[in-house]
Structures are given as structure tokens and as C-alpha cells.
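Heads up: the structure comes next, in C-alpha cells.
FYI, it's all coordinate maths here, none of it is from the lab. Worth saying up front: this structure is predicted, and the values here are computed from it rather than measured. Cβ coordinates were reconstructed from backbone atoms using ideal geometry, including for glycine residues, and neighbour counts include every protein chain displayed.
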Amino acid sequence: MNHLTLAAGLFLGAGSALAETPVLTVYAPDYFGSEWGPGPAIETAFEAECVCDLQFLTGDVMPRLLLEGARTKADAVIGLNTDVTKQARETGLFAPHGQDTGDLTMPIEWTDDVFLPFNWGYTAFVYDNTKITNPPASFEALLNSDEDWKIVIQDPRSSISGLALMLWVKSIYGDEAEAAWEKLALKILTMTAGWSESYGMFTDGEADMVLSYTTSPAYHLIAEDDDTKSAAIFEEGHYFMAELVGKIAGTDQPELADQFMDFILSEAFQSIIPEGNWSYPAKLDASKLPEKFALLGEPETAIFYSEDEAAALRDPALEEWLSALGR
Amino acid sequence: MALRAGTVSVWAGAVSAALVLALTLGTLGAVVWRAEGFGGLGPRDWGYVRFTVWQALASAAISVALAIPVARALARRQFWGRSALITVLGAPFILPTIVAILGLLAVFGRTGIVSEVLNWAGLEPVSIYGIHGILLAHVFFNLPFATRLVLQGWLSIPSERFRLAASLGFSASDVSRVLERPMLRDVVPGVFLVIFLICTTSFAVALALGGGPRATTVELAIYQAFRFDFDLSKAALLGLVQVMICVVAGALVFKVRLPSTSGVGLDRVARRWEAQGLGLRIQDSVCIALAALFLLGPLSMIVIEGIGGLFSLPISVLEAAWNSVWVTVVSTVLCMALALSMALAVSRLSAGAGALVEGIGFLTIATSPLVMGTGLFVMIFPFADPTALSLPVTAVVNAAMALPFALRALVPAVRDLQAGYGKLSASLGLSGFAWLRWVAVPRLRRPLGFGAGLAAALSMGDLGVIALFSNPEVETLPLALFRLMGAYRLDQAASAALVLVALSLMAFWVCDRGGRVNVDG
């Protein structure tokens, strides 16, 4: 056993050198913690106000948490999605966030006292506005359009945005969802396991539209100074997705974890989100958003399923999806 | 003395086989243990199993069927740039799937070159999406690998045989019957098995080019169980189904295969007197040209897309490339140690026991990377921080994943070595390192180099088991590519992909070339 401890110590050498500074371990999705995500800027901003070392551990957050159970090293978890919180809540690993969510800048009211949203967005079909000049104004118009548009989507079984689309269709069409999927199937070029492949196929010109977010054009506008990408805004409304933070109840750094939860809704954190994660901050006045965010299309209606509804609908909606597209 | 050396190599092979078993069945067992049992499979899941087996059989059959004429053409012809062509043709095999998909689409997609040309000629454009798209992609990946292995089989026929055949006045069809078919009967089943197995674990390609849930493979169902349902027990059961497919396929192939030893020669370049006719020359040229066109088209598109941004790549991508080089070196050395020890053991064991060891070597490609990663995580987590081990774990897993390919290159060669030189070595009392130094390494240099080249290239391109192990501060090149793509930076990702392809090819070339010093081939 001593050998193992020694070996573990060697591998964790970097960590133990900083042993005097308390470490706050936060699990995050890979894109979040990577150099291109918001993680590094958030780490710098938080470390400026805490005497601590904030470490993001990246990977598949939920499976990892479920595997580790109560022995998890995490003090907090960031990047959970609203459609999978039921399973996360049922682990019993999370403690209340203790934040006031009365004045968030989100289109829906937030009353959950365990999971705290830090950013949000809408799923949408993104297109090239130099090629499509008459974008559909509603989901119904898209389904019934005579145009030979080819769309690439993500598979709901492997992708969170694909899952959101499935729930989006279910919320608009209810019992008619299967028929809607059959119509949409004629326009679906193909589907990919993840968002990246889809988006790559769109920017390469292979597909006319891609399932993404209403905020995707912001990247092209701001980072590339390219205004040719737009999101089609539908009358029926768009499916709302928020990304969440949760505090682990069994954390050995309870004060730091609380400080981190306080930090989430602060302006220092929130102002990193628009250009760090290309989505809307959960609590930041519109006047403080980057100027070009005003150019983004904004849906009139936010469609959102509570976690119980989403959990109850997932399996039947997937059955409909499979039978409509499996033909 | 020889007996003792034999015992040592059998033991080394057994240890390697045990390590492979721990990585495959061991990790699966860890997942089962964590899940506290197996879940159940529904009718849909069995549909996925049927589709998986079917598309893999078709992909492997087409790849091998096309590889034989191409390899024969390459074996019979010498031309300027032949060796460079053979090296570059190996590139598709090592492409990360996401890069390969975009490369294929640039040629065969809706707005790809082929459709543009058809449009221009006033014809209907082709659609790549569907079962034919999956087969096209799988053949694109695997044809080069199959060609290389079959070509190696051809080159292992001693040139003296062709000389003898010529002096006996053999026609091309006589040569084929007496020399080539027995070689193919030995080599082809193993190649078929490897490609079949690699296609059974395909999912991103199958889904993207298959066009929808009809193209669901078992591996995608494992993803669903893991990420959508969080149902480990079902993931474990599906993982077991994959292993069973491997076991059944392996048993069938070992039954069909007719091991032959082509005997020993003096390693001269084979001159082919029987194949000088104009008809055969045209046939061979057409085979080589078509294969080159098919494989180089998408590769060229990857180069074109990536070359513009090459000098604006962020420094972190170069650091990632450096990490990848190290992971590759470690995993190649490990992979070759495993492969050589197992191949030596196979050649010294009885036919049944040898087949078992060889079969164990195949398990790693039939094991779902997701199941392997999860199992390793479950095994490591109680003792150490898995994230801190991300690079060593990636190296070990990549070595295991490349093992079947290295074994394919080594096993027939070691068997020939044993049959041709075993008695002589024994009578000279050559054993141990002296035997390795003077008999084995010089004779096995070509397959060792080729096997190491494959292992290195594969390891460079493989994402490994990052789902649970990734560390934001330590990344490999495929992971950097994946992260760039996830952050809208597709142009930089295309350049990173080009760097990856170049490094993989270079790794392959260095190893393979090392194996061909002084040997024209």
C-alpha cells in the first residue's frame, strides 16, 4: 500500500508542491476547461480574489461523477445541462447553491436551489445568409418548405444539442412529433455523433443548415468579422438550454466552494461568458454584452421542459425519433 | 539451450497475453463489477448487432478483394516513386475519423469534387449518404492497410521461387496457382479478420456517412448507454457482445486459414519473368492508378484545407504535437515488445495454443474504447488520480490498440523464420540474445519495421481514452484538434490535422524505412 501511495504522490507531484494553497477542484466538460473555452479566464479571475488554486478537471462530467459516487474528489461541478439534472440530483451528491436567483437575465424563471445556471442559449438552425435569402420563419415553414435545403443535425443519443432538438420537436408537435420528424427527415442530409463534425460539414459547405445555437453567429461576427452566418428564428419558439453549476455536499473545502458559488453570478465571471463560451450570461445586463450580440436574432418564446418533464419524455421521444428516421 | 530459449519466449508471450487480457476482459470486468451486473438487450439492440456485423463483413470483404490486385500490381512492378507511393497510401488508415470524414466529403460529398464534375457534365450528382457511404469510408480507411499486408505476403515469397518458376516456363496463372494462392490463403484471412473487427467498432464514420439511425452500430449503442442513459450495466453487456463477435469471427477465421510457409531465400529482389506481357502491365497500371486516385483525392483535400493556416497555429498545438511524439515513442516500443513476444510464443506453441495467444492479441480492437477507458478509470481511481495519468494511460491504450496490426505483420514472418531457420539455429546452439541478434532481428527487420510504423502512426492519430482522462493542461495532438473543432476554430483544426497527418506519416516512414535498410522493397 505504501508503494501505491508513493506512486500516487509522484504522479501528483505538481499538486503537492502547492500544498499550502488550498485547491478547489471543479469538474468541467472538455471544451469548458480547454485553452479555447472560458475556463482559463475564469480561473485567473477567481484566483485573483481567493487565496486558492482553482483546478478544472475535464472530461465527461456526469458519467465520471456517477462512477466515483461519494468518493469524488470534486468540490463543485460546472457545465451540467438542464436536460440531465434529474439523474445528477438523484445521486444525492449535491448541496444547495445558496444564491439568490430572483434577478437573473434569463427568459425563464429559475427556482432550483441546487443547480445554479451560469449561461444559457437557444438551439437553432444556423445558415449562410448569402446562400439562403428566404430563411424559414417557423418550424412549420421549414418542414413544409419546397426548398431543397439540406440540414445536418446531431444524434440525440450521443450529443446534448441533438437531445435538445428532439425535445424541441416534441414540445412543438406533441403527439404529432413522429410525423414532424418524418417530414424533417427529407431535409436531413445526415447526422453526426457530436456538434463539431456537424458544424465542420456546415462551414465546409456540405450542408445548408446546421443544428447549433442562436449565439453561434456571434463567433463569426466577433472573432472572424464575418456576418454571413445567421440563425433562423422560429415563431413557435426555441428550446432553451442552460448550463449549470453544482456544489458537492461532501466537499473538503466548503468555504472555498461557497466562495466559488458566490463568484458564479458576479460580473467578473459573467462578463467572460459571451466571448468565452459564445452564449448568454445568466446574470449580466444586456448593455454589458459585446456590441455585436445585439445583431443576433432573438426568439420571442423560450421553450423549456422541467427536468421531470424532460426525463419522462426522453424515452418515448427517442422511440418516435428512431421509428421516424430509421425507415 | 534452444529449448530454454523457447521456454523463455513462451513465458514472455504469456505475460504479454495476460497484460492484453487485463486491458480488454479485465476492464470489461471492472465495468461489470461497478455496474453490479449486466443489463438486458431489446430488439433494437439486436438490430444494431446485426447491422454492425453486416456492414463490417461487407467492408472487410470489399477492402480485401480490392487490396489483392493492388498489392499484386505493386509486387510485380518497379517504378519511380513506388516506395513513396506505398508510404503515402498508408495515410488514410491513421487519420482521425473527423478529419477523414471531412476529407471524404470534400471529394464525394454533395458539394464535393465528384459531384461538381458530374454537374458540369450535366449528370445527376451522387449522394454519399447511406450504406454505400459507410462502405466507401471503411474501404478508404482499410484498403491501404490490407494492401500493405498482402504486399508483404508477396514480398515474403523468396525470389528464388520466381526464378525457378521462370526456368520451368510457368505462365502468370501457373505462378498464381503454385506460389501466390497458397500465400494468400495464409495471409488474407488474418487481414480480413482485423478489418472486420476494426469496422465493428466504427461509429462516428458509420453514423455521419450512414445518414441516420439505420446506421447505428454497437459502439454507438454503448455511447448511448454511457452518455444518454447512464446505464453502465447495458454498456457492459454491449461490450461483451462486441467481444463475442470477435471470438466467433476469430474462431471461424482460424478454421479457414491455411498456414503456409513459403520457405527461405536469399532476400534478392524478385524479378517476375512471367508478368512482362503488355496486358498484365496495363492491368497493373490501372489498379495502381485507381487506388492512388481514390486514396490520394481526399488526402489532397486535407492538405489543401490545412496548408493555409499552418504558420498561424497556436503554440499550444506544437506543444501538443511534442506530447504526441513522446506518447507515440513509448507506445510503439511497448506495442512491439508485446507483439514480438506474442509472435514468438505463437510460433513455438502447439497450433491450438498458438491460435489462442494470437486470438487474444485481436481482442484489443474488438474492445470498445469507451468500455476500456471506463474500466481503466474504475481500476485506477481508488489508487491514484486518473487525470494525472492521462498521458501514460493513453500510451498504454494506444499500444494495445495497435497490437493486432503489429501482430498481423509479425506472426507470418516469425512462423516462416521458425520453419526455415529453427532447426539450423538449434543445431548451432544459437539461443537467447545471440539468436535474436543474428537470426531473428535481421530476418524480421522488414515486418518489425512495418509493424512499428503502423503502431507509431496509429498511436499518433488515436484519441485514446480521453472521455474520462483528459487533463486541460496536458493534451495530445488529436485532443488539441478535437478541442479546436469544439471551439469553432475549424481553420486551425484543419491545419492541426495536416500536422497530425504529416507526423503520422513521418513516424511510419522512419520505422518502416528502418526495417528496409539495405533491402529493396
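Some observations on this one:
- As a proxy for reagent exposure, ranking A:204, A:103, A:285 by other Cβ atoms within 10 Å from fewest up yields A:103, A:285, A:204.
- With a 10 Å cut-off around each Cβ of A:25-32, the average count of Cβ atoms from other chains is 3.
- Straight-line cross-link reach from residue A:150 at under 25 Å between alpha-carbon atoms covers these lysines, not counting any fewer than eight positions away in the same chain: A:131, A:170, A:183, A:187, A:229.
- By other beta-carbon atoms within 10 Å, ranking B:54, A:321, B:80 with the fewest at the front produces B:80, B:54, A:321.
- The order of the peptides B:341-349, B:179-187 by mean Cβ neighbours within 10 Å, most packed first, is B:341-349, B:179-187.
- Residues B:473, A:109, A:176 arranged by fewest to most Cβ contacts within 10 Å: A:109, A:176, B:473
- Rg ratio (alpha-carbon, reference 2.2 N^0.38 Å) - the stretch A:94-205: 1.30
- In nm, spacing of pseudo-spin labels at residue B:333 and residue B:33 (7 Å Cα→C-beta vector): 3.0 nm
- The order of the peptides B:298-310, A:289-301 by mean Cβ neighbours within 10 Å, most packed first, is B:298-310, A:289-301.
- Residues with amide H under 5 Å from that of residue A:24, placed H, sequence gap 5 or more: A:53, A:54, A:55
- Cα gyration tensor category, rounded, prolate or oblate, for chain A with a/c compared to 1.5: prolate
- Between residue B:351 and residue B:181, the FRET efficiency from the beta-carbon distance, with R0 = 25 Å, is close to 0.70.
- Pair residue A:223, residue B:278: separation of 7 Å Cα→Cβ label points (nm): 6.0 nm
- Whole-Å semi-axes of the protein assembly as shown's equivalent ellipsoid (Cα gyration tensor): 49, 32, 23
- If R0 equals 30 Å, the separation of the Cβ atoms of residue B:123 and residue B:84 corresponds to a calculated FRET efficiency of about 0.30.
- If you plug the beta carbon distance of residue A:312 and residue B:248 into 1/(1 + (r/R0)^6) with R0 = 35 Å, you get a FRET efficiency near 0.35.
- Net charge in the neighbourhood of residue B:128 (other residues with Cβ under 10 Å of its Cβ; Lys, Arg +1, Asp, Glu -1) is 0.
- Shape call, the stretch B:38-307: gyration tensor on alpha carbons, a/c limit 1.5: oblate
- Of all DSSP-defined beta bridges confined to chain A, some 60% are antiparallel rather than parallel.
- Kyte-Doolittle at least -0.5, axis length at least 24 Å by Cα - qualifying DSSP helices, chain B: B:2-21, B:43-76, B:131-155, B:181-200, B:232-256, B:278-307, B:315-348, B:390-428, B:441-461, B:490-514
- Our estimate of slack between residue A:323 and residue A:114, defined as 0.36 nm per intervening residue step minus the Cα-Cα distance, is 71.6 nm.
- Neighbouring partner chain Cβ atoms per residue of B:34-47, average, 10 Å criterion: 1
- Stretchable slack from residue B:304 to residue B:513, in nm (0.36 nm times residue separation minus alpha-carbon distance): 72.6 nm
- Using just its DSSP H runs of length 4 or more, each adding -39500 (n - 2.57), chain A gives a mean residue ellipticity at 222 nm of -11000 deg cm²/dmol after division by all residues.
- Per-residue mean of C-beta atoms belonging to partner chains within 10 Å, peptide B:222-229: 5
- Expected 222 nm ellipticity per residue - DSSP helices of 4 or more, -39500 (n - 2.57), all of chain B, to 500: -24500 deg cm²/dmol
- Interchain or long-range residues, amide H under 5 Å from residue A:251's placed H: none
- In a fully extended conformation the segment linking residue A:175 and residue A:138 would gain 11.5 nm over its present Cα-Cα distance, using 0.36 nm per residue.
- Shape category assigned to chain B from the gyration tensor of Cα positions, a/c cut at 1.5: oblate
- Whichever lysines have a C-alpha closer than 28 Å to that of residue B:255, once near sequence neighbours (fewer than 8 apart) are set aside: B:423
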